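First up is the structure itself, then whatever we jot down about it.
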Amino acid sequence: MREEFQTIEWAEPPIGDLIGEAVATGRRLRTAKRLRVVGAGLAVLVVTGLAAIPIVRNTTAPATAPAAIAMAAPSAAASSSVPAAVTEANRVKGTPAGVLELLTENLPKGKTSHYAGVVDQGDVGVQTYLDRGKGPGMIRLFVMKRTMAQLTSKTSALKGAWIPLGNGVEYQSINVRGNCIQHTIVYVRHADDTLLQFNLSNCLAWDGKQNGTSPQILTVREAAEVGADPRWGVQIDPSLNQQGAATFPHLPANFGK
């Protein structure tokens, strides 16, 4: 708030002090001017320092100001709209609807449909079609926990080299001959042992008579990048479960035959 000016009444000085008072006044004015210049310089330094501090944004936590900088308290309305940071401690078991919500958020632009979700021995699987303008293709995704020892066991199908994506995320892919549902399988592994298995089909789900042919709707790299989101895990942000329940209130619990 701007302060109001105050009126100061000066006593008239004796005639003999006029010269001395004029000299003193001149000194005071020069001193005040120097102080104003120094103060302005400090203000510029403070503003410049604030501008030089980068604001880091990520997907899990709102950007925060450095602790050393005093900030004005936000209004109640503003603070209520800022989501709390999601940590490992407050994640919850992902539901099929929550996992499907996260999948559809990460997919390339297009029309999605034919949703389904299953839970099998703790692993969550979801299905969606994606149409990018040239007809729908099917994606099935399974989210699980697997250690590197399990992935490198003699019975594991993974024999190739892991390709790094950054931030501890890596991927590899295999092709399964004669299986249109698993035409291409992309595995994405996170540093916390979260493993995502993308089944990229070149056919559609069984319609009672056949699996209709379709394009493989994602490339291997596109699937890997979808799986690189740090929010993935068996445990996810509870808001994803909530949003998923609202978006997919009647999610079928099977993929069909």
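The values are calculated or read from the model by the stated rules, or taken from the named source; none is laboratory data. The structure displayed is predicted, hence computed values, not measured ones. Here Cβ is always computed from backbone atoms with ideal geometry, including for glycine, and neighbour counts include all displayed protein chains. Side chains are part of the model used for accessible areas, which takes the heavy atoms of the whole protein and leaves out ligands, DNA and RNA. Shrake-Rupley method; radii C 1.70, N 1.55, O 1.52, S 1.80 Å.
Summary of computed values
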{"quantity": "Residues of the stretch 219-238 that turn out to be open to solvent by 60 Å² or more (accessible area, probe 1.4 Å) and assigned to a loop (DSSP other than H, G, I, E, B), as a count", "calculated": "2"}
{"quantity": "Subset of the stretch 100-120 [at pLDDT 95 or above and of a type in the set (D, E)]", "calculated": "E101, E105"}
{"quantity": "So V119, is it surrounded by 13 or more Cβ atoms within 10 Å (Cβ to Cβ), in contact with a strand residue (DSSP E or B) (Cβ under 9 Å, 6 or more places away or on another chain) and without any contact (Cβ under 8 Å) to a residue 40 or more places away in the chain", "calculated": "yes"}
{"quantity": "The stretch 207-241: number of residues that are closer than 16 Å to G125 by Cβ and over 31 Å from the mean Cα position of the chain (by Cα)", "calculated": "0"}
{"quantity": "Residue in the stretch 245-256 that is of a type in the set (F, W, Y), surrounded by fewer than 18 Cβ atoms within 10 Å (Cβ to Cβ) and modelled with pLDDT of 95 or more present", "calculated": "no"}
{"quantity": "Breaking point among (1) open to solvent by 60 Å² or more (accessible area, probe 1.4 Å); (2) closer than 17 Å to T184 by Cα; (3) among the aromatic types (F, W, Y), for Y129", "calculated": "(1)"}
{"quantity": "Residue ID - farthest from L218 (Cα to Cα), chosen from residues in the stretch 178-188 that are open to solvent by less than 30 Å² (accessible area, probe 1.4 Å) and either charged (D, E, K, R) or without any contact (Cβ under 8 Å) to a residue 40 or more places away in the chain (or both)", "calculated": "Y187"}
{"quantity": "Residues satisfying the stated conditions in the stretch 101-150, i.e. of a type in the set (S, T, N, Q) and more than 16 Å from P215 (Cβ to Cβ)", "calculated": "T104, N106, Q121, Q127, T147, Q150"}
{"quantity": "Hits in the stretch 204-218 - residues which are open to solvent by 70 Å² or more (accessible area, probe 1.4 Å) and over 17 Å from Y115 (Cα atoms)", "calculated": "K209, Q210, T213"}
{"quantity": "Only one of T213, T247 that is in contact with a Cys (Cβ under 8 Å, 6 or more places away or on another chain) and of a type outside the set (A, V, I, L, M, F, W, C)", "calculated": "T213"}
{"quantity": "Cβ pairs under 7 Å, 6+ apart, first in the stretch 124-142 and within 15 Å of F248 (Cα to Cα), second open to solvent by 10 Å² or more (accessible area, probe 1.4 Å) and at pLDDT below 95", "calculated": "Q127/F255"}
{"quantity": "Residue count, the stretch 94-106 (criterion: open to solvent by 20 Å² or more (accessible area, probe 1.4 Å) and assigned to a loop (DSSP other than H, G, I, E, B))", "calculated": "1"}
